[in-house]
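Each reported figure results from applying straightforward, stated rules to the coordinates on display, with no laboratory input. Only a predicted model underlies this, so the values are computations on that prediction, with no experimental measurement involved. Reconstructed Cβ throughout: ideal geometry from the backbone, glycine too, with neighbour counts over all protein chains shown.
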């Protein structure tokens with residue numbers, strides 16, 4: 001494995017419960033503001049309505065889209081695309097002159113469409129039609145491509161919580177290989193009753209706001225949102241008259257090959273992904289300004305992740321932002337990558353929300369308790385997922 005060429009990030013868009021834009025979200029994070037509450041998107045027993053991080057504002061900016069009526073996951077993705085385009089100074093007409101690819105990570109986006117079908121199985125008035133059509137109308141990659149006339153390669157990544165990070169890593173490879181001039185990449189997922197009840201049944205859902213890395217952590221909270229990166233070649237940036245906002249410097253991906261839901265106890269898979277990201281980025285641990293940790297608030301994840309960070313990146317400050325957004329599943333890696341870039345630009349990282357009591361079992365590595373100043377040109381964002389997937393992005397500051 002050798003260092004690779006950095007790939008320019010022309011623009012970023014982000015929407016989550018912390019804010020409807022990346023700027024608004026970061027302001028909420030630095031204020032330590034978080035808005036968990038009972039779900040309103042679906043019915044939940046009030047006695048067991050565990051908190052979620054839901055977007056309650058009317059956020060969708062489109063009056064009409066080419067794909068017609070689409071699911072919420074696609075609406076989240078489209079909203080983030082528009083912000084990323086504005087940030088990059090690129091419009092629809094510019095896309096038409098370029099080879100544009102789309103690579104989006106999602107989990108819920110590939111299954112929420114089936115709920116109505118199963119509830120009304122056999123009914124003649126099933127509006128979603130054949131199985132193939134049901135998947136097409138809820139695929140954010142396909143909807144984005146249709147809306148913005150993207151004629152390059154399309155890829156939907158569906159590998160649990162690392163999907164958004166992997167989508168950005170794949171998109172960067174497309175740019176390096178000369179497959180695309182521009183790639184719209186990231187992740188999107190909405191709150192969904194099946195995932196909500198599923199995580200509760202696994203007994204890893206906190207009945208209070210989540211507490212990543214805290215001694216009293218009980219599990220995660222779910223959230224929803226999307227983040228989109230517009231990656232581009234140097235030639236595209238020059239033609240558009242814009243400078244890179246940031247760079248994808250390195251990317252590492254691995255599989256634990258251990259258990260469908262549990263993280264490998266020795267953290268070997270995560271270690272490999274971190275080392276691969278450092279190698280491809282041509283970096284050493286001392287050059288990493290901070291880490292945006294996966295930090296779900298579950299017992300095993302936080303235990304193993306903190307030990308790996310202490311071993312491979314000792315002394316590097318880290319925090320979890322899931323205390324502000326909830327776990328947004330397939331969108332989480334992309335949202336946290338967006339936060340990572342914004343923190344590099346700002347020169348500080350937010351407090352790890354919910355953390356107050358150190359857990360001796362985690363070793364000496366603990367997240368930051370308050371807004372923490374950082375310096376450096378690169379930061380690391382990592383995601384751990386069901387299936388043993390590990391994805392690590394190293395992102396660097398722009399000009």
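Things worth noting here:
- Tensor-based shape of region 246-397 (alpha-carbon gyration tensor, a/c under 1.5 rounded, otherwise prolate or oblate): rounded
- Legend: translational diffusion of region 38-101 by Stokes-Einstein, Rh = Kirkwood radius over C-alpha pairs, 10 °C, 1.306 mPa s; D = 108 µm²/s.
- Counting other Cβ atoms within 10 Å as a rough exposure proxy, the listed residues 352, 25 run 25, 352 from fewest neighbours to most.
- Using the Cβ-Cβ distance between residue 158 and residue 375 with R0 = 51 Å, the FRET efficiency computed as 1/(1 + (r/R0)^6) comes to roughly 0.85.
- Likely footprinting exposure, 243, 201, 319, fewest C-beta neighbours within 10 Å first: 201, 243, 319
- In terms of its C-alpha gyration tensor, region 278-350 has an oblate overall shape, because the principal axis ratio a/c (a ≥ b ≥ c, square roots of the eigenvalues) is not below 1.5 and a/b does not outweigh b/c.
- Relative contact order computed over the chain (Cα-Cα under 8 Å; 6+ residues apart), in percent: 24 percent
- Modelled spin-label separation between residue 49 and residue 300, with each label point placed 7 Å from Cα along the Cα-to-Cβ direction: 3.2 nm.
- Based on alpha carbons, the Rg and Dmax found for region 7-240 are 18.5, 57 Å.
- Note on region 177-318: Rg/Rh from Cα positions, Kirkwood definition for Rh, rounded to two decimals, is 1.02.
- Prolate/oblate/rounded call for region 236-325, Cα gyration tensor, a/c under 1.5 rounded: prolate
- Subtracting the Cα-Cα distance of residue 238 and residue 262 from 0.36 nm times their residue separation leaves 4.1 nm of extension gain.
- Between the C-alpha center of region 210-239 and that of region 41-72 there is a gap of 19 Å.
- Centre separation in Å (Cα based) which lies between region 1-16 and region 263-313: 19 Å
- Eigenvalues of the alpha-carbon gyration tensor of region 137-240, scaled by 5 and square-rooted, set the equivalent ellipsoid semi-axes at 35, 16, 11 angstrom, largest first.
- Answer label for log10 I(q)/I(0) by the Debye sum over Cα atoms at q = 0.11, 0.15 Å⁻¹ (calculated), chosen among (i) -0.82, -1.39; (ii) -0.80, -1.56; (iii) -0.71, -1.37: (iii)
- Contact order for region 246-397, expressed relative to its length and based on alpha carbon pairs under 8 Å spaced 6+ residues apart, stands at 39 percent.
- Scattering curve values for region 138-178, log₁₀ I(q)/I(0), Debye with Cα scatterers, q = 0.26 Å⁻¹: -1.00
- Exposure proxy for 57, 336, 346: other Cβ atoms within 10 Å of each Cβ, ordered fewest to most, give 57, 346, 336.
- Its relative contact order, with pairs defined as Cα atoms under 8 Å and 6+ residues apart, puts region 183-312 at 28 percent.
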